[in-house]
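Shown next, in structure tokens, is the structure this report addresses.
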Amino acid sequence: MSPSSPSVLPRSSTNPTNPPLLSLSGIVKSFPGVRALRGVDLRLDAGEVLAVLGENGAGKSTLMKIIGGAHTADAGTLAIDGQEQRFQSPQESRAAGVAVIYQEFNLVPALTAVENIFLGQEETTGGFVARRREREQVAALFRRMGVAVDLEEPCRRLSTAQQQLVEIAKALIHKARILVMDEPTAALTSHEVEKLFALMGELRRQGMGILYISHRLEEVFIIADRVTILRDGGNVSDCPIHAITRDQMIERMVGRPLDQEFPSRRVTRG
């Protein structure tokens with residue numbers, strides 16, 4: 001798939017005068033011997049897909065964990081709908097409407113899709129778990145998503161794509177408004193990728209904001225509205241997707257012109 005692919009999704013039309021759905025300003029995070037983030041800024045609007053790019057070690061994972069409540073920033077502010085937040089745990093992040101889908105899914109393999117989706121937040125009636133009501137809610141949600149997942153199978157028997165759908169369903173059923181996706185297509189076939197992008201397009205139309213972290217630059221031109229590029233823990237670029245080329249993305253990620261991607265070396269013959 002390329003930037004000129006006919007499957008490029010319609011772009012969002014956000015209102016820049018509204019407070020952003022999610023905003024980060026001057027985010028700093030250090031670990032022993034390493035400063036992972038050096039004053040990072042980021043803005044995500046409702047109904048927008050923002051691609052976050054950078055080489056390994058650029059700070060993407062640390063930033064994602066701060067948004068998801070797994071880490072707390074040393075300095076800077078994080079706000080949702082203009083209201084400053086300071087998450088001390090993933091539970092606080094989820095309560096604020098944030099859902100993070102990591103490359104390693106956070107599912108219990110022996111439990112079914114329904115049991116995983118409601119794990120820790122079970123529906124109850126008279127002190128008993130309302131299994132039938134949970135199952136009906138999940139079945140209705142998968143129908144609305146236009147996907148098929150066996151509700152009786154343990155998640156370990158589901159395909160990678162189906163497990164990812166369970167993670168997305170978990171976010172939707174608990175009313176998440178911000179979805180953070182880390183390399184979501186890494187283990188998917190091309191057909192599964194197309195279905196995922198179609199679902200993301202529908203979520204965007206419903207007003208969800210999506211942070212999309214990927215190394216596959218060709219996908220960014222299909223799914224993203226804007227792109228933020230990190231290098232060495234700091235911002236180097238933020239622009240609409242139509243205002244940047246693939247070569248410019250690579251140059252900003254690596255910090256050198258593309259003609260130096262494989263710089264020549266003088267080698268002594270052996």
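The values are calculated or read from the model by the stated rules, or taken from the named source; none is laboratory data. Just so it is clear, the model here is predicted, and its values are computed rather than measured. Every residue, glycine as well, gets a Cβ built from its backbone with ideal geometry; the counts of neighbours run over all protein chains shown. Surface accessibility is based on the protein's heavy atoms, side chains included, excluding ligands, DNA and RNA. Shrake-Rupley method; radii C 1.70, N 1.55, O 1.52, S 1.80 Å.
Can you give the FRET efficiency to the nearest 0.05 for ALA140 and ARG256, using r as the Cβ-Cβ distance and R₀ = 45 Å? List each step's numbers first, then the result.
Values: r = 51 Å, r/R0 = 1.14.
Efficiency, from the Cβ-Cβ distance: 0.30.
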Please list 3J(HN,Hα) in residue order for the range 46-52, calculated via the Karplus relation 6.51 cos²θ - 1.76 cosθ + 1.60 where θ = phi - 60°; whole Hz, with x for glycine and proline.
4, x, 10, 10, 10, 7, 10
Rounded to the nearest 10 Å², the accessible area of TYR212 at probe 1.4 Å:
0 Å²
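All other residues with a Cβ under 11 Å from the Cβ of SER214 taken together, and with Lys, Arg as +1 and Asp, Glu as -1, what is their net charge?
Numbers: positive: LYS60, ARG216; negative: ASP182, GLU183, GLU218, GLU219.
Taking every other residue near SER214 into account, the sum is -2.
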Tell me the label only: which of (i) 157; (ii) 131; (iii) 181 is volume of the Cα convex hull per residue in Å³ as calculated from this structure?
(iii)
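Based on DSSP H runs of at least 4 residues, each adding -39500 (n - 2.57), what is the mean residue ellipticity at 222 nm of the chain after dividing by all its residues, to the nearest 500 deg cm²/dmol?
Values: 8 runs with 80 residues, N = 270.
It comes out at -8500 deg cm²/dmol, rounded to the nearest 500.
What does the charge count near PRO20 come to, summing +1 for each Lys or Arg and -1 for each Asp or Glu among other residues with Cβ under 14 Å from its Cβ? Mind dumping the intermediate values first?
Values: positive: ARG43, ARG177, ARG226; negative: ASP41, ASP45, GLU48, ASP81, GLU84, ASP225, ASP238.
Residues near PRO20 contribute -4 overall.
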Within the chain, the percent of DSSP beta bridges that are antiparallel, given to the nearest 5, stands at 60 percent
Distant-in-sequence amide H partners of GLY234 (H built 1.01 Å from N, under 5 Å)
ARG38
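What ranking do 228-240, 51-63 get when scored by the average of other Cβ atoms within 10 Å per residue, highest first? Intermediate results must be reported in sequence, preceding the final value.
Values: 228-240: 18.0, 51-63: 21.2.
Result, highest mean Cβ count within 10 Å first: 51-63, 228-240.
Pop the C-beta distance of ARG132 and GLU218 into the FRET formula with R0 = 45 Å and round what comes out to the nearest 0.05. If you can, show how the numbers build up before the last one.
Details: r = 44 Å, r/R0 = 0.98.
Taking R0 as 45 Å, the efficiency between ARG132 and GLU218 is 0.55.
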Label model pair GLN121, THR72: point-to-point distance (7 angstrom along the Cα→beta-carbon line) in nm is 2.3 nm
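Accessible area per residue of the range 63-127 at 1.4 Å probe, in Å²?
Values: 3350 Å² over 65 residues.
I get 51 Å² per residue for the range 63-127.
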What number comes out for the charge environment of GLY82, summing +1 per Lys or Arg and -1 per Asp or Glu over other residues with Cβ under 13 Å away?
-2
Give me, ordered by chain and number, the residues 5 or more places off GLY68 or on other chains with an amide H under 5 Å from its own placed amide H.
none
Using alpha carbon centers only, the range 46-68 is separated from the range 96-116 by a whole-angstrom value of 19 Å
For the chain, find the longest principal axis of its Cα atoms and tell me its angle to the long axis of helix 160-173, 0 to 90°, nearest 10.
70 degrees
Carbon plus sulfur fraction of accessible area for the chain, probe 1.4 Å, in percent
48 percent
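Per residue, what accessible area does the range 151-270 have, given a 1.4 Å probe and all protein chains present, in Å²?
Values: 6040 Å² over 120 residues.
About 50 Å² of surface per residue is accessible.
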Using the crude model of +1 on Lys and Arg Cβ and -1 on Asp and Glu Cβ, and no other charge, please compute the dipole size for the range 134-200 relative to its Cα centre, in debye to 20.
240 debye
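By accessible area of protein heavy atoms, probe 1.4 Å, what ranking do MET249, MET145 get, highest first?
Working: MET249 0, MET145 25 Å².
The ranking, largest first, comes out as MET145, MET249.
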